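The values are calculated or read from the model by the stated rules, or taken from the named source; none is laboratory data. Quick caveat: nothing in here was measured; it's all calculated off a predicted structure. Here the Cβ positions follow ideal geometry from the backbone for every residue, glycine too, while neighbour counts run over all protein chains shown. Each accessible area value is taken on the protein alone, full model and side chains, heavy atoms only, with ligands, DNA and RNA left out. Shrake-Rupley method; radii C 1.70, N 1.55, O 1.52, S 1.80 Å.
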Amino acid sequence: MHTVLGWFCFLVLSATAGLHVYWGLGGLWPADNAAALSRTVIGTHSGVMPPAGVTLVVAALIFAAGSFAFARGVLAWDSLILLRVPLAGLALIFLLRGAVSYMPGPFSRAAEPFAHLNAVYFSPLILALGVAFAALALSPRS
């Protein structure tokens, strides 16, 4: 089971990191312009994308998160301090980010189409990642 969870987290987060690199380098998919991209993937009403450097740092952090899952799940490394504690922290971050989307607050005021995409696709996937990270952090390797 660890192997499946490791691959799941790694592949999903690597693809997500790749999208962030693409956007950081000026890519616009799945939109036609920066304002539409901002409303679609961030939910901002201003229509302004973050600076490229910020987007590339986010991409690196997302890839690093997936790498922790890969090391624990696929490579079968088992270190409390180097893997399990960071994985537990990532589980908490992903679970909070996924859950907060369904509560009143910033996400409830997000621009469309992000608000819909977040409720139907992004947040459930993020919650699934949080559960996978928690399982990798807390369960013994079988």
**Item:** Whole-Hz couplings from phi, Karplus 6.51/-1.76/1.60, listed for the range 121-136; x for Gly and Pro
**Value:** 10, 4, 5, x, 5, 5, 5, 4, 4, x, 5, 5, 4, 4, 4, 5
**Prompt:** Relative contact order for the range 10-142: what is it in percent, counting Cα pairs under 8 Å that are at least 6 residues apart?
**Reply:** 28
**Solvent-accessible heavy-atom area per residue, rounded to whole Å², over the range 1-84 at 1.4 Å** = 54
**Request:** Just name one of G89, L19, A52: the one whose Cα is farthest towards the positive end of the charge dipole of the chain (beta-carbon charges, Lys/Arg +1, Asp/Glu -1).
**Result:** G89
**Fill in**
Of every hundred units of 1.4 Å-probe accessible area on the range 1-54, the number belonging to carbon and sulfur atoms, as a percent, is 73
**Item:** For the chain, size of Cβ-based charge dipole, Lys and Arg +1, Asp and Glu -1, in debye
**Value:** 240
